[in-house]
Amino acid sequence: MDPTRARGDFEAVVRRVQNEVNRAKELATDSFQVYESINLKVLIQGNWKEYTRQPRTCHMQALRQVLTPFGLFNCPAHRGVEKAKIADKDAFADEATLINTTDRLASILDRFDASRECAHVTCLYNTVNWWIERMIEDQGEGAEVEPSAEYDDDDTFL
Ligand code: SF4
C-alpha cells in the first residue's frame, strides 16, 4: 500500500463528505435540520487526536451508562469489556440492585483510569470531561455554565 496515495484518498473522501454535508445544509428548513456529529467534525477538522487525551476520571460515567444483555457498562466505547462493567443486566431490576449498582458506579469512578483505558479512543465527551475536571479543581470558582460556541448547533448525541 502506498501511504501517500492512502492519505490523498482519505483527504478526497473527507472533501466529498464535507461537500455533501454542505449540500444537505442548503436543504435545511424549519422542519428539516441538519446536524454534524462531533466525530464527523473532528474528522473533517483533523483534530481528532486532541480527543484521545482524557482526564484520569471519566465524569461522564456518572451521568450515563450503557445497559446491554451482558450487563451495565460505563461507556458505549467499552461495551462488553470486563473492566468497564458496573453491574449485571439486572442492574436496575429492583431497589436492592439499584442500591448495589449505585455503589458500584461510585467505585468505577475511582478505579477506571480513563487517561490510560481511553488513550486510543477519540472520545466525544472529551471536552465535557475536561470541563467538569476543571470545575472540580477550581471547586466551582469561575466555572460558568454556558453553551459552547463549538457545539452551538444543538448536537444532542449522548
Ligand atoms: S471513551 Fe470517553 S466517555 Fe467513554 S469511558 Fe473513556 S473517557 Fe469516558
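The values are calculated or read from the model by the stated rules, or taken from the named source; none is laboratory data. Small disclaimer: the values here were computed from a predicted structure and weren't measured. Heads up, the Cβs are rebuilt from the backbone with ideal geometry, glycines too, and the neighbour counts pull from every protein chain shown. The protein model used for the area step is the full one, side chains on, heavy atoms only, and it has no ligands, DNA or RNA in it. Shrake-Rupley method; radii C 1.70, N 1.55, O 1.52, S 1.80 Å.
Tally up the residues in the range 104-118 that are in a loop (DSSP other than H, G, I, E, B) and near the ligand (Cβ under 9 Å from one of its atoms), please. Show your work before the answer.
Restricting attention to the range 104-118, the residues satisfying the condition of being in a loop (DSSP other than H, G, I, E, B) are 112-113, 118.
Now restrict to residues that are near the ligand (Cβ under 9 Å from one of its atoms): 112, 118.
Number satisfying all stated conditions: 2.
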#### Entry: Selection count where residues are open to solvent by 40 Å² or more (accessible area, probe 1.4 Å), of a type in the set (A, V, I, L, M, F, W, C) and within 16 Å of the ligand (Cβ to nearest atom), scope the range 76-101
2
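Mind telling me which of the residues L40, L72, L63 ends up being away from the ligand (no atom under 13 Å from the Cβ), aliphatic (A, V, I, L, M) and within 30 Å of E137 (Cβ to Cβ)? Lay out the reasoning, then the answer.
Numbers: L40 fails: within 30 Å of E137 (Cβ to Cβ); L63 fails: away from the ligand (no atom under 13 Å from the Cβ).
Only one candidate qualifies: L72.
From R53, R104, R64, which residue is open to solvent by 40 Å² or more (accessible area, probe 1.4 Å), farther than 30 Å from Q18 by Cα and outside the structural domain of E20 (by TED's automatic domain parsing)?
On inspection, the qualifying residue turns out to be R104.
Here's a check for you: in the range 34-45, which residue that is in contact (Cβ under 8 Å) with a residue 12 or more places away in the chain and not β-branched (V, I, T) is least open to solvent (accessible area, probe 1.4 Å)? Spell out the reasoning first.
Restricting attention to the range 34-45, the residues satisfying the condition of being in contact (Cβ under 8 Å) with a residue 12 or more places away in the chain are 34-40, 42-44.
Imposing the further condition that a residue be not β-branched (V, I, T) reduces the set to 35-37, 39-40, 43.
Working: Y35: 109, E36: 22, S37: 47, N39: 80, L40: 39, L43: 74 Å².
Out of the qualifying residues, it is E36.
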### Summary
Over the range 4-62, the set of residues part of a helix (DSSP H, G or I), modelled with pLDDT of 90 or more and under 30 Å from I132 (Cα atoms) is K49, E50, Y51, T52, M60, Q61, A62
### Query
Are any of the residues in the range 98-112 more than 16 Å from the chain's Cα centre (by Cα), of a type in the set (K, R) and closer than 23 Å to T127 by Cα?
yes
